[in-house]
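Below is one structure, written out as structure tokens; the observations come after it.
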Amino acid sequence: MSFAREASRAIRSTLVLWVITALIYPLVMVAFGQIAFPFQANGSILTNAQGQPVGSGLIGQPFTSDRYFNSRPSTTSYSTADPANDEASVLKTGISGASNLAPSNPDLLQRIQETTVQLQQAGIQPTADLVYTSGSSLDPHITPEAARAQIARVARARGLEPNQLEDLINQNTAGRFLSIFGEPGVNVLRLNLALDALNS
Amino acid sequence: MLQGWIQIALTLLIVVVITPFFGRYMARVFLGQRTFLDSVLHPLDQVILSLSGVRIQEGMTGWQYARAMLYSNLTMLVFIYLIFMLQGGLPFNPTGLTAPSWDLALHTAISFVTNTNQQHYSGETTYSYFSQFAALGFMMFTSAATGIAVAIAFIRGLTGRPLGNFYVDLIQSITRILLPISIVGAIVLMAAGIPETLAGPAIIPTLENPGISQAIARGPVAHYEIIKELGENGGGFFGINSAHPFENPNGFTNLIELVAILSIPTSLIITYGIFANNLKQAWLVYSIPFAILVIFIIITAIGEYQGNSAVNALLGSEAPNLEGKEVRFGWAQSALFAVFTTASMCGAVNSLHDSFMPTGGFVTLSNMFLQIVFGGQGTGTAYLFAYLILAVFVTGLMVGRTPEFLGRKIEKREVVLASFLILLVHPIAILIPSAMTLAFPEQLAGISNPGFHGLSQVIYEYASAAANNGSGFEGLGDATLWWNLSTSFSLLAGRYIPIVSLLLLADSMSRKQPVPATAGTLRTDTGLFTGVTAGVILILGALTFFPVLALGPVAEAFQILKGIG
């Protein structure tokens with residue numbers, strides 16, 4: 001077969017398949033998503049009573065103070081930065097990342113040692129998820145054990161009853177799919193939003 | 001712990017249960033029989049074929065098939081490279097990204113054309129929405145369809161049929177298999193929470209400290225996510241891939257992604273069984289990778305469940321290793337995903353392999369060395385049968401009979417092609433560049449973890465490239481000119497040399513006169529022969545790499561036992 005015929009078939013089939021799989025398919029899916037599932041399709045953005053966005057129901061936020069349930073340690077601080085001083089351009093695109101420390105890396109051990117001490121000083125019994133950094137650095141969840149380990153501290157800081165907090169944790173825990181697949185996780189942002197609503 | 005094993009067992013069960021149905025469906029598509037989507041898709045196929053200038057009746061020889069595949073892949077490579085380099089001026093670029101460096105764009109283009117999706121970049125910060133859906137997403141369909149087409153041509157040749165027409169197989173793989181499943185899958189994933197939008201990142205003040213803002217990256221993810229897994233592509237929309245809550249928000253999406261990853265390579269074995277009219281043999285062949293898969297899952301999951309002894313001493317309790325893992329997946333779903341994704345050459349990750357215990361490193365590396373634990377889209381199935389041909393040859397030598405497979409004599413040409421593509425190309429594409437890189441640890445390697453793990457990082461990167469997997473020990477500083485170009489070599493060698501060899505092998509098998517089976521014929525559909533094949537796979541496929549496994553993950557395991565520091 002001639003080179004010209006061979007090349008023409010390659011180019012023509014590439015263009016036809018491109019229009020179908022790379023233009024029609026994605027743009028139809030975007031249109032479908034925007035019409036059928038506007039909340040999920042735009043990133044599950046949560047809003048407060050005034051209609052202001054406060055975060056995404058699927059993405060974690062940094063919480064380190066006594067007044068809030070703390071989230072997991074994150075290598076990117078949950079893709080946050082000070083808008084006035086964002087030298088790394090985090091706020092231009094948003095980022096994700098992980099420590100990629102090997103289990104044999106002494107830096108990992110040292111970091112975990114420091115985190116463990118900090119948690120103990122704050123009166124929190126360290127759990128694995130609170131000392132290990134997450135995969136995405138945006139993990140929205142902590143384990144139910146890690147949430148319960150923080151009840152006493154948050155209750156003291158806010159002057160609330162521990163059993164009130166226990167209820168809030170249960171309400172904001174996402175279970176396994178069909179009670180089988182995955183692990184239960186407490187959504188820290190939703191839990192803390194509920195906490196603020198309780199106080200106000 | 002029991003709960004974790006139940007999740008793993010049920011996921012495997014789902015994968016096995018859908019295999020015969022999906023395998024039969026694919027066989028019907030490629031045998032030209034009626035399928036339930038015909039009334040809609042038949043006219044579409046006709047339009048695509050005529051616009052492409054392809055005549056459906058036109059058969060191809062092995063060499064013609066290979067040439068058509070190379071021409072079409074080269075055209076796509078140039079096309080997407082141009083999109084990357086021009087992305088600054090193209091639409092759908094809400095974050096105003098400019099063109100990446102030429103070597104990164106070249107590496108990305110080669111990596112996606114070869115169905116590898118090795119990423120030396122973060123999606124959020126490097127490629128615009130347009131580059132992602134119109135270039136990367138495009139290759140996710142066509143590179144996967146190329147793999148399926150090659151597997152089908154190989155199966156046709158093995159069973160004595162003409163090989164068919166590359167363009168017809170390519171187009172039908174997309175219109176009959178990949179696209180319909182992707183449309184349904186994308187809608188399901190959207191409903192489950194995955195975004196699908198053209199809006200840029202949301203910038204929102206954080207709840208605890210409104211002086212600090214969070215940038216929530218998003219984009220047209222759902223449609224991309226499903227073909228990423230279904231086509232064994234594995235290139236994440238976001239830097240952190242399926243660990244990102246927007247790529248994989250819960251246990252349900254994780255299950256869909258896991259099943260999608262293994263569905264095509266498992267089912268293609270049954271497709272073979274229907275072509276060969278010998279389902280018994282297909283299931284026996286199926287049992288080899290399945291048994292290896294189960295053993296690998298057990299090894300990996302136990303390692304992650306037991307966790308890091310040094311950390312557990314600090315915690316004062318037994319805890320799983322959760323470094324680089326998400327709470328919603330835990331040890332069981334993370335270990336399962338890591339084994340599935342490296343077994344199948346998908347390369348998507350829902351947890352970071354660099355932070356896995358050495359057992360996980362051992363398994364993920366072994367998967368990529370073997371390449372047949374179901375293996376890559378189409379290619380894995382073809383490698384499996386190439387091993388079968390070698391096993392026929394070896395057993396034929398042992399018992400002094402002329403080796404035959406499916407009534408066709410295995411001769412010098414077939415053995416040369418099969419052993420060349422399995423025994424030589426893969427180690428060359430991994431070990432030689434690894435040795436060169438390790439000779440210059442300071443200048444070239446970019447190793448981020450000290451000790452034995454550093455060696456594993458380098459080997460992993462080349463193994464992932466040569467096996468067309470695409471996952472990585474991501475701590476490695478691989479966004480350099482050396483890494484981009486040297487892995488491009490492994491990507492191309494690991495993809496096109498085996499594919500062309502497979503097509504030539506299929507061609508020569510299809511031309512042989514069938515020999516009638518007699519009492520003296522070596523039967524290949526028995527448990528004994530399957531066992532021998534498994535032995536051949538482990539000896540030929542794994543032994544070459546045993547020294548690097550010993551120096552990497554095995555040595556690291558002993559180091560951790562001895563105590564870190």
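Scan the stretch B:209-230 for residues that are in a loop (DSSP other than H, G, I, E, B) and facing chain A (nearest Cβ under 7 Å) and the total you get is 4. For the stretch B:26-44, which residues satisfy the criterion of being free of Cβ contacts under 8 Å to residues at least 40 places away in the same chain and either closer than 30 Å to A:Ile180 by Cα or surrounded by fewer than 15 Cβ atoms within 10 Å (Cβ to Cβ) (or both)? Of everything in the stretch B:26-44, those that are free of Cβ contacts under 8 Å to residues at least 40 places away in the same chain and either closer than 30 Å to A:Ile180 by Cα or surrounded by fewer than 15 Cβ atoms within 10 Å (Cβ to Cβ) (or both) turn out to be B:Gly32, B:Gln33, B:Arg34, B:Phe36, B:Asp38, B:Ser39, B:Val40, B:His42, B:Pro43.
Let's see how each residue does on (1) modelled with pLDDT under 95; (2) buried (at least 24 other Cβ atoms within 10 Å of the Cβ); (3) part of a loop (DSSP other than H, G, I, E, B):
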{"position": "B:Arg413", "(1), (2), (3)": "yes, no, no"}
{"position": "B:Ser434", "(1), (2), (3)": "no, no, no"}
{"position": "B:Ala463", "(1), (2), (3)": "no, yes, no"}
{"position": "B:Ala479", "(1), (2), (3)": "yes, no, yes"}
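I need the full set of residues from the stretch B:151-208 which are β-branched (Val, Ile, Thr), in a loop (DSSP other than H, G, I, E, B) and away from every other protein chain (no Cβ under 11 Å), in order please.
Just the residues of the stretch B:151-208 that are β-branched (Val, Ile, Thr), to begin with: B:152, B:155, B:159, B:168, B:171, B:174-175, B:177, B:181, B:183-184, B:187-188, B:194, B:197, B:203-204, B:206.
Within this subset, residues satisfying the condition of being in a loop (DSSP other than H, G, I, E, B) are B:159, B:194, B:197, B:206.
Listed by number, the list holds a single entry, B:Thr159.
From the list B:Ser434, B:Ser501, pick out the single residue that is in contact with a helix residue (DSSP H, G or I) (Cβ under 6 Å, 6 or more places away or on another chain), of a type in the set (Ser, Thr, Tyr) and over 30 Å from B:Ser334 (Cα atoms). Step through it out loud before you land on a result.
On the way: B:Ser434 fails: over 30 Å from B:Ser334 (Cα atoms).
Step by step, each of B:Ser434, B:Ser501 is checked, and only B:Ser501 is in contact with a helix residue (DSSP H, G or I) (Cβ under 6 Å, 6 or more places away or on another chain), of a type in the set (Ser, Thr, Tyr) and over 30 Å from B:Ser334 (Cα atoms).
So A:Ile95 ticks every box in (1) surrounded by 23 or more Cβ atoms within 10 Å (Cβ to Cβ); (2) under 16 Å from B:Leu315 (Cα atoms) but one. Which box is left unticked? A:Ile95 satisfies all of (1) surrounded by 23 or more Cβ atoms within 10 Å (Cβ to Cβ); (2) under 16 Å from B:Leu315 (Cα atoms) except (2).
Quick one: in the stretch B:45-59, which of the residues that are closer than 15 Å to A:Glu6 by Cβ and in contact with a helix residue (DSSP H, G or I) (Cβ under 8 Å, 6 or more places away or on another chain) is surrounded by the fewest Cβ atoms within 10 Å (Cβ to Cβ)? Ranking the qualifying residues of the stretch B:45-59, first place goes to B:Arg55. The residue list B:Ser501, B:Ser464, B:Ser508 contains one member that is hydroxyl-bearing (Ser, Thr, Tyr) and farther than 28 Å from B:Thr402 by Cα, which is B:Ser464. Apart from one condition, A:Leu130 fits all of (1) crowded, with 18+ Cβ neighbours inside 10 Å; (2) part of a helix (DSSP H, G or I); (3) within 9 Å of chain B (Cβ to nearest Cβ); the exception is (3).
The residue of the stretch B:50-80 that is nearest to the other protein chains (Cβ to nearest Cβ), among those that are more than 30 Å from B:Leu491 (Cα to Cα) and among the hydrophobic types (A, V, I, L, M, F, W, C), is B:Leu51. Looking at the stretch A:149-200, the helices (runs of 4 or more DSSP H) lying wholly inside it that each contain 3 or more residues that are more than 14 Å from chain B (Cβ to nearest Cβ) sit at A:151-158, A:162-171. Tallying residues that are touching a residue at least 60 places away in the same chain (Cβ under 8 Å) and either within 23 Å of the chain's Cα centre (by Cα) or assigned to a loop (DSSP other than H, G, I, E, B) (or both) within the stretch B:295-324 yields 7. Scanning the stretch A:1-49 for residues that are in contact with a Pro (Cβ under 6 Å, 6 or more places away or on another chain) and within 7 Å of another protein chain (Cβ to nearest Cβ) gives A:Pro26, A:Val30, A:Ala41, A:Gly43, A:Ile45. Condition check for B:Asn233 on (1) part of a helix (DSSP H, G or I); (2) surrounded by 24 or more Cβ atoms within 10 Å (Cβ to Cβ); (3) more than 8 Å from chain A (Cβ to nearest Cβ): one failure, at (1). Quick check, is A:Gly55 at positive phi and outside any loop (DSSP other than H, G, I, E, B)? So A:Gly55 passes the test.
So, B:Met345, is that one facing chain A (nearest Cβ under 8 Å), out of contact with any His (no Cβ under 6 Å at 6 or more places or on another chain), surrounded by 19 or more Cβ atoms within 10 Å (Cβ to Cβ) and not hydroxyl-bearing (Ser, Thr, Tyr) or not? No, not satisfied.
Kindly establish whether A:Val54 is within 25 Å of B:Asn248 (Cβ to Cβ), more than 8 Å from chain B (Cβ to nearest Cβ) and among the β-branched types (Val, Ile, Thr).
Details: within 25 Å of B:Asn248 (Cβ to Cβ): yes; more than 8 Å from chain B (Cβ to nearest Cβ): no; among the β-branched types (Val, Ile, Thr): yes.
Here the answer is no, as A:Val54 does not meet what is asked.
Here A:Ala84 meets each of (1) surrounded by 17 or more Cβ atoms within 10 Å (Cβ to Cβ); (2) in a loop (DSSP other than H, G, I, E, B); (3) of a type in the set (A, V, I, L, M) with one exception, condition (1).
Filtered by the rule that a residue be under 12 Å from the mean Cα position of the chain (by Cα) and hydrophobic (A, V, I, L, M, F, W, C), the stretch B:138-147 gives B:Met140, B:Ala144.
Check whether at least one residue in the stretch B:18-41 is within 28 Å of B:Asp478 (Cα to Cα) and out of contact with any helix residue (DSSP H, G or I) (no Cβ under 6 Å at 6 or more places or on another chain), and report yes or no. Lay out the reasoning, then the answer.
Applying the first criterion (within 28 Å of B:Asp478 (Cα to Cα)) to the stretch B:18-41 yields none.
No, the stretch B:18-41 contains no residue that is within 28 Å of B:Asp478 (Cα to Cα) and out of contact with any helix residue (DSSP H, G or I) (no Cβ under 6 Å at 6 or more places or on another chain).
With crowded, with 20+ Cβ neighbours inside 10 Å, farther than 30 Å from B:Leu189 by Cα, touching a residue at least 12 places away in the same chain (Cβ under 8 Å) and small (Gly, Ala, Ser) as the only criterion, which of A:Ala157, A:Ala149 stands out?
A:Ala149
The values are calculated or read from the model by the stated rules, or taken from the named source; none is laboratory data. Keep in mind that this is a model prediction, so the values were computed, not measured. In this analysis, Cβ positions are derived from the backbone assuming ideal geometry, glycine residues included, and neighbour counts consider all displayed protein chains.
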